[in-house]
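Data first, discussion second: the structure below is written as structure tokens.
What follows draws every value from the coordinates through simple rules; no lab data is involved. Just so it is clear, the structure is predicted and the values come from calculations on it, not from any experiment.
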Amino acid sequence: MFKESGVRIHPDIKTVTDTGYQGLGKIHSNSALPKKKTKKNPLTKEDKCNNRDLSSQRVLNEHVIGMIKRFKIVSDRYRNRRKRFGLRFNLIAAIYNMEIR
């Protein structure tokens, strides 16, 4: 789905993603992906430590996405004017940023 979206990432930007983006390493060389465990190849302690570090970097973004979903602008169908979507999304982001401070 990421390939079909047409989104391009600058080569200097490091992406930190979850295991849902396993093919991203082939498209974008500067990406950090957690290693998956299989039945034949369990994770080593070093792999587990690396996965934990990656998830600690990702968790901040996940919390922000969860907060925006609480406002229902992303999680439900947007039924208002399309021209106002960006404005409303920015207002919700501003409210969240004010809450953080």
Review point. Across 5 Å bins from the origin, how do the percents of Cα pairs in region 51-101 run, short distances first?
Key: 4, 17, 24, 21, 14, 11, 5, 3, 1
Check your understanding: Shape call for region 19-60 from the C-alpha gyration tensor, a ≥ b ≥ c root eigenvalues: rounded (a/c under 1.5), prolate (a/b greater than b/c) or oblate?
Key -> oblate
Exercise for review: Tell me which residues come under 5 Å, amide H to amide H, from VAL16 once H is placed; ignore anything under 5 positions away on its chain.
Suggested key: ALA32
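Of LYS14/LYS36; LYS14/LYS48; LYS36/LYS69, which ones are farther than 24 Å apart at the Cα? Show your work: numbers first, answer last.
Values: LYS14/LYS36 20 Å; LYS14/LYS48 20 Å; LYS36/LYS69 28 Å.
Correct reply: LYS36/LYS69.
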Revision key, fill the gap. Projected onto their principal axes, the Cα atoms of the chain stretch, largest extent first, over whole-Å spans of 51, 33, 29
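How much length, in nm to one decimal, is gained on full extension between ILE27 and SER75, taken as 0.36 nm per residue of separation minus their Cα-Cα distance?
Working: separation 48, 0.36 × 48 = 17.28 nm, distance 2.80 nm.
Going from the current span to full extension adds 14.5 nm.
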Check your understanding: Given the options LEU43, LEU91, LEU24, which has the most mean-square fluctuation in a GNM of the chain, springs set between C-alpha atoms less than 10 angstrom apart?
Key -> LEU91
Revision key, fill the gap. CD proxy, 222 nm, the chain: helix-only mean residue ellipticity via -39,500 (n - 2.57) per DSSP H run with n ≥ 4, per residue, nearest 500, stands at -15500 deg cm²/dmol
